[in-house]
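Colleague: Sharing a structure here in structure tokens format.
Here, each number is a calculation from the coordinates, and none is a lab measurement. Here the structure is a predicted model, which is why all the values come from computation and not from measurement. Because the Cβ atoms are built from the backbone with ideal geometry, glycine has one as well, and the counts that use them run over all protein chains shown.
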Amino acid sequence: MITIDTKSYKNPLITRYASKEMSYVFSDENKFSYWRKLWVALAESEKELGLDITDEQINEMKENIYNIDFEMARKKEKEVRHDVMAHVHTFGNQCPNARPIIHLGATSAFVGDNTDILQIKEALEIVKKKLLNLLYVMSEFALEYKEMPTLGYTHFQPAQLTTVGKRAGLWLQDLYFDYNDLIYVIENLKMRGTKGTTGTQASYLKLFEGDSDKVNKLDKMVANKLGFESSYYLTGQTYSRKVDASVTKVLSGIGQSLHKMTNDIRLLQNLKEIEEPFEKTQIGSSAMAYKRNPMRSERIAALSRFIINTSHNTEDTASVQWFERTLDDSANKRLSIPQTFLGCDSVLEIAINIFQGMVVNEKVIEKHINEELPFMATENIIMEAVKRGGDRQDLHEEIRVLSMEAGEQVKKFGNKNDLIERMIKSDKISLNEKEILEIIDAKKFIGRSAEQVDVFYNEAIKPLLEENKDLLGMTVELNV
């Protein structure tokens, strides 16, 4: 029988929302194996630069990278009240030959901060993959519906027409901005490196008997072994917490974009124009059996607010650090950085799922257009009638009166908008039914919407999708 712990709090980001892939990035196994990889890289580099370290010691360390005795580390940390030294002793116990040279010349931030950077890089690559997949499914949607007219809304009041695809293109463009910001952060992320206790590299300078060139090479070699070209030029004991703020700012930006998008989707679902996927066995309400609630979009909105607000922690932390470091960053970082990534991972997956099954109700959209377009088309009808010899002032007055009458039918009696029929019957408007209907063809009111979508896709989206085609092809199913 499986025993389920029902007496301890479990983070819903792990149990309900985020992927196992992202959860693993911030797991103890991944974190502490990175610590050991860093100790191996440090020992290898120190050996290559002439220190008395043997291949046997390095191989022993490599063989035990994933062989972590977490129970011993837990007991040791309780004894010494220092997580890094607890794991130094644990690793040394498993690697007795290498024990004397583990963590040689390093400070706690060597494993702590460098591991933070390694986890951040790994998590950013997952965000990149999922954001690209979202850009793909959204661009497919925008292209499919680029020519389908729909009411535009300003102040959530009917405005000039746009298209379903053009509106989706606006959502897509926000995420394209976020993608560019993401790539900038990924490309400029560096290791903290081998900088010593206050960032001066004094311990390594002593270790290499004053050979500054070797100290500089050590810093670069360790970074290279962990997949980075270099480390930051300057650090205190820690890398600048501005780095964390720049990372979570990108995640917050994704949250902002998706929150705005799902606001629109929720409003459109209320209008019955667009609906997110709804499973055959899905229940919208425990009381109202007919309900089809936009649960996915609402979940994105909730999690996006969490991302946006949690990201402020890194900004606050960057601003309150003292001198070369203070420890008031540590507990906050343990919470805010993983959870911001977990939240971002969640909303990206949900958004992909929405666009893999979005429903567009074309007839409802047409109905809403027909309710408003006659009013919007009156200026075009006046101009065409004037070209046929009509008096602009007389036409304006006639259409004003007819518009008021039609508006009264809609607002006072709940009838359909019959302005077109009234204009066709009017003796004062020198246009027949066919001519008036041609003027009010909805596709004549969408401007360059379709062309704008094509240009944006071909010049901005398509190149980056082709460049990263090996990352595409995700399908997402929600667990709950």
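Colleague: Taking only Cα atoms, what is the 0 to 90° angle, nearest 10, from helix 28-48's long axis to the longest principal axis of the chain?
Modeller: That helix lies at roughly 50 degrees to the long axis.
Colleague: Net charge near residue 50, counting Lys/Arg +1 and Asp/Glu -1 over other residues with Cβ under 10 Å of its Cβ?
Modeller: Local net charge: -3.
Colleague: For region 378-439, please report how many Lys pairs fall under 19 Å Cα to Cα, leaving out neighbours fewer than 8 apart on the same chain.
Modeller: Final tally of qualifying lysine pairs is 4.
Colleague: In nm, to one decimal, how far is the modelled label at residue 379 from the one at residue 435, with both set 7 Å along Cα→Cβ?
Modeller: For residue 379 paired with residue 435, the spin-label model returns 2.1 nm.
Colleague: Tell me, how many Å apart are the Cα centres for region 46-103 and for region 189-240?
Modeller: Cα centres, region 46-103 to region 189-240: 20 Å.
Colleague: Then there's this: Normalised by the number of residues in the chain, what is the relative contact order in percent for Cα pairs under 8 Å and 6+ residues apart?
Modeller: 18
Colleague: Scan around residue 150 for amide H atoms under 5 Å from its own, H built in the peptide plane at 1.01 Å from N, and keep only partners 5 or more places away or cross-chain.
Modeller: When sequence neighbours closer than 5 places are left aside, the close amide H contacts are 162, 163, 164.
Colleague: A further question follows. Please compute the modelled spin-label separation between residue 334 and residue 477, points set 7 Å along Cα→Cβ, answer in nm with one decimal.
Modeller: In this crude label model, residue 477 to residue 334 measures out at 3.7 nm.
Colleague: Angle, helix 295-320 long axis vs. longest principal axis of the chain, Cα atoms, 0 to 90°, nearest 10?
Modeller: Taking the Cα atoms of the chain, the angle to 295-320 is about 50 degrees.
Colleague: Determine the distance separating the Cα centre of region 151-180 from the Cα centre of region 381-415; give it in Å without decimals.
Modeller: First find each Cα centre; the distance between them is then 30 Å.
Colleague: Hey, another quick one. If neighbour count is taken as other Cβ atoms inside 10 Å, put 107, 154, 314, 90 in order from fewest to most.
Modeller: Ranked by crowding around the Cβ, least crowded first: 154, 107, 90, 314.
Colleague: For residue 428 and residue 366, what is the calculated FRET efficiency with R₀ set at 30 Å and r taken between the beta-carbons, to the nearest 0.05?
Modeller: Efficiency, rounded to the nearest 0.05: 0.55.
Colleague: Restricting to Cα atoms and excluding each atom paired with itself, what does the Kirkwood estimate give for region 84-132 in Å?
Modeller: 12.7
Colleague: How would you rank 171, 322, 39, going from fewest to most other Cβ atoms within 10 Å of each one's own Cβ?
Modeller: Neighbour counts put them in this order, fewest first: 322, 171, 39.
Colleague: Here is a follow-up. Given contacts defined as C-alpha pairs under 8 Å and at least six residues apart, what's the relative contact order of region 378-439, whole-number percent?
Modeller: About 35 percent, as a whole number.
Colleague: How much net charge surrounds residue 109 when only the other residues with a Cβ under 13 Å from the Cβ of residue 109 are counted, with Lys and Arg +1 and Asp and Glu -1?
Modeller: Local charge sum for residue 109: 0.
Colleague: Another question, then. Estimate the FRET efficiency between residue 394 and residue 454 by the formula 1/(1 + (r/R0)^6), using the beta-carbon distance for r and 30 Å for R0, to the nearest 0.05.
Modeller: So the FRET efficiency works out to roughly 0.10.
Colleague: For region 12-101, what's the relative contact order in percent, using C-alpha pairs closer than 8 Å and at least 6 residues apart?
Modeller: Computed value for region 12-101: 25 percent relative contact order.
Colleague: What nm distance separates the two modelled labels at residue 206 and residue 180, each placed 7 Å from Cα along Cα→Cβ?
Modeller: Between residue 206 and residue 180, the simple spin-label model gives 4.9 nm.
Colleague: Which FRET efficiency value, to the nearest 0.05, is calculated for residue 462 and residue 292 with the Förster distance at 30 angstrom and r the Cβ-Cβ distance?
Modeller: That gives a FRET efficiency of 0.30.
Colleague: Over the alpha carbons of region 350-480, what is the largest minus smallest coordinate on each principal axis, giving the biggest first in Å?
Modeller: Between the extreme Cα coordinates on each principal axis of region 350-480 lie 64, 36, 21 Å.
Colleague: With θ taken as phi - 60° and the coefficients 6.51, -1.76 and 1.60, list the Karplus ³J(HN,Hα) couplings across region 394-404 in order, rounded to whole Hz; mark glycine and proline as x.
Modeller: 5, 5, 4, 5, 4, 6, 4, 5, 4, 5, 5
Colleague: With a 10 Å Cβ neighbour count serving as the proxy for reagent exposure, in which order, fewest first, do 167, 74 appear?
Modeller: 74, 167
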